[in-house]
Amino acid sequence: MSDQRWHAGELVDFAEALLRAALFDAEKATITARLLVEADLLGHTTHGLQLLAPYLAAAEAGTLRTTGEPTVVADRPAALTWDGDRLPGVWLTDKAMGEAMARAEELGTAIVAIRRSHHIACLAAFLTRATDAGLMAVITSSDPAVASVAPYGGRRPLYTPNPIAIGIPTDADPILIDISASITTNGLSGRLAAEDKRLPHPWLLDADGNPTDDPRVITADPPGSILPVGGLDHGHKGYGLGLMIEALTQGLGGYGRADAPTEWGASVTVQVIDPACFGGTDAFIRQTGWLADACRDNPPRPGVERVRLPGENGLQKKRTALQDGLGLYPGIMPKLEEMAQKHGIEPPLPIQR
């Protein structure tokens, strides 16, 4: 992480200015900028401002549409499907969250499926919009144009890491789960390969099916693959989770690998559940609050300081960064400064310490 720190709000304004220069509609620029910085605040450094430069390049190339609205494919009271038509995925997913929240508060639950979206960045960044309102949210995503994970027992890449994120309100901080069906991600593998570094464990297979910690096998010819969650021993679990997410995203949206897409993007589902329509909000919070306390109070095993909840570390990082400034992963700001110079935009100055 860089020793330099910036005010988070100034980074949002800077990102928004770059997106506006790339002809993003005002709302799309504002939401995309805010949620990319939110990812960095939560510590998801491969899925925050790291993605801004590729998004800007995609907009310039015309593979990311910067204006317009999604097309409604199907609309039932609790189920909505959009064709995203290559619009910004971060904006589309935030828009879907708002729509699902409004419908869930009336119907108990609602799900929005999005096909042909552009990339959606960090799933965890969307969750607190729902949990702050006392709602539970589930987001799943896959990219039908990319293959980097082999099915369990196989060695040819077939699908993507396929993340799933769940936001659970409690009587204190929410539980924010953001995991993938694979043992590592494309983002981390790509970053380490570019830095000529290795993964901490043999989480990949080379093209012959041999375990390796070398991230460069992902882009080799022929390519290797990422192991499912569970690895060589129990990868059938991650394999099953990955197939479920493929069905929830591409299956429900009605567009995916069977259509042989070639452009970087996403198939997405956003589901929101209102506990008030089930056993009641107070009863829900009583259960989730008890569970959260019980996890934290669980005696740690040797070498572990204490048991933490999913999202706890990220929320603490966010509080610290909002107070002391946000550090960015090395290389992110120089790339953005290069793009800013092209458009005559002044980058924010680091905080003087």
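The values are calculated or read from the model by the stated rules, or taken from the named source; none is laboratory data. As the structure is a computational prediction, the values presented were derived from the model and not from experiment. In this analysis, Cβ positions are derived from the backbone assuming ideal geometry, glycine residues included, and neighbour counts consider all displayed protein chains.
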Worksheet item: Of all the residues that make up the range 174-201, how many are assigned to a strand (DSSP E or B) and in contact with a Lys or Arg (Cβ under 7 Å, 6 or more places away or on another chain)?
Response: 0
Practice prompt. Filter the range 96-131 down to residues that are closer than 21 Å to LEU56 by Cβ and more than 16 Å from the chain's Cα centre (by Cα), then give me how many there are.
Written response: 1
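Every residue, every condition in (1) buried (at least 18 other Cβ atoms within 10 Å of the Cβ); (2) out of contact with any Ser or Thr (no Cβ under 9 Å at 6 or more places or on another chain); (3) over 23 Å from THR281 (Cα atoms), yes or no:
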{"residue": "GLU99", "(1), (2), (3)": "no, yes, no"}
{"residue": "ALA104", "(1), (2), (3)": "yes, yes, no"}
{"residue": "LEU107", "(1), (2), (3)": "no, yes, no"}
{"residue": "ARG115", "(1), (2), (3)": "yes, no, yes"}
{"residue": "ALA124", "(1), (2), (3)": "yes, yes, no"}
{"residue": "THR128", "(1), (2), (3)": "yes, yes, no"}
{"residue": "ASP132", "(1), (2), (3)": "no, yes, no"}
{"residue": "ALA145", "(1), (2), (3)": "no, no, yes"}
Worksheet item: Just for the range 143-173: of the residues that are of a type in the set (Ser, Thr, Tyr) and either part of a loop (DSSP other than H, G, I, E, B) or more than 26 Å from ASP208 (Cβ to Cβ) (or both), which one is nearest to the chain's Cα centre (by Cα)?
Response: THR160
Worksheet item: Residues in the range 243-263 that are within 19 Å of the chain's Cα centre (by Cα), part of a helix (DSSP H, G or I) and not hydrophobic (A, V, I, L, M, F, W, C): how many?
Response: 4
Discussion item. Scan the range 42-56 and tell me whether some residue there is at pLDDT 95 or above and either of a type in the set (Lys, Arg) or farther than 23 Å from SER189 by Cβ (or both).
Written reply: no
Item to complete: Please list, ordered by first then second residue, the pairs with beta carbon atoms under 9 Å, 6 or more apart or interchain, first in the range 279-297 and over 9 Å from THR170 (Cβ atoms), second in a helix (DSSP H, G or I) and acidic (Asp, Glu).
Response: ARG296/GLU312
Worksheet item: Does THR67 meet the test of being under 26 Å from ALA194 (Cβ atoms), touching a Lys or Arg at 6+ places or on another chain (Cβ under 9 Å) and loosely packed, with under 15 Cβ neighbours inside 10 Å?
Response: no
Item to complete: Sort out which residues of the range 195-243 are under 18 Å from GLY154 (Cα atoms) and aliphatic (A, V, I, L, M), and write them in order of number.
Response: LEU204, LEU205, ALA207, VAL217, ILE218, ALA220, ILE226, LEU227, VAL229, LEU232, LEU241, LEU243
Practice prompt. Kindly indicate the residue of the range 174-185 that is over 12 Å from the mean Cα position of the chain (by Cα) and closer than 19 Å to ALA145 by Cα and also surrounded by the fewest Cβ atoms within 10 Å (Cβ to Cβ) among those meeting that condition.
Written response: THR184
Response to the item:
Flagged in the range 302-345 as within 30 Å of ALA22 (Cα to Cα), assigned to a loop (DSSP other than H, G, I, E, B), of a type in the set (A, V, I, L, M, F, W, C) and over 21 Å from the mean Cα position of the chain (by Cα), in numbering order, are ILE345
Worksheet item: Quick check: anything in the range 27-36 surrounded by fewer than 23 Cβ atoms within 10 Å (Cβ to Cβ), out of contact with any Lys or Arg (no Cβ under 7 Å at 6 or more places or on another chain) and acidic (Asp, Glu)?
Response: yes
Worksheet item: Looking at (1) in contact with a Pro (Cβ under 8 Å, 6 or more places away or on another chain); (2) assigned to a helix (DSSP H, G or I), can you tell me which one THR66 breaks?
Response: (2)
Fill in: Selection status of ALA39, farther than 30 Å from THR109 by Cβ, surrounded by 13 or more Cβ atoms within 10 Å (Cβ to Cβ) and among the small types (Gly, Ala, Ser)
no
Item to complete: Considering each residue of the range 271-318, count those that are β-branched (Val, Ile, Thr), more than 19 Å from LEU176 (Cα to Cα) and surrounded by 14 or more Cβ atoms within 10 Å (Cβ to Cβ), and give that number.
Response: 0
Practice prompt. Check off (1) farther than 26 Å from ASP75 by Cα; (2) within 13 Å of the chain's Cα centre (by Cα) for THR93 and give me the number that stays unchecked.
Written response: (1)
Worksheet item: Does VAL73 fit the bill of being of a type in the set (A, V, I, L, M, F, W, C), outside any helix (DSSP H, G or I), over 18 Å from LEU326 (Cα atoms) and touching a residue at least 12 places away in the same chain (Cβ under 8 Å)?
Response: yes
Worksheet item: Is there a residue in the range 325-348 that is surrounded by 15 or more Cβ atoms within 10 Å (Cβ to Cβ) and within 19 Å of PRO174 (Cβ to Cβ)?
Response: no
Fill in: Matching residues, the range 76-114, being among the small types (Gly, Ala, Ser) and either out of contact with any strand residue (DSSP E or B) (no Cβ under 6 Å at 6 or more places or on another chain) or assigned to a strand (DSSP E or B) (or both)
ALA79, GLY98, ALA102, GLY108, ALA110, ALA113
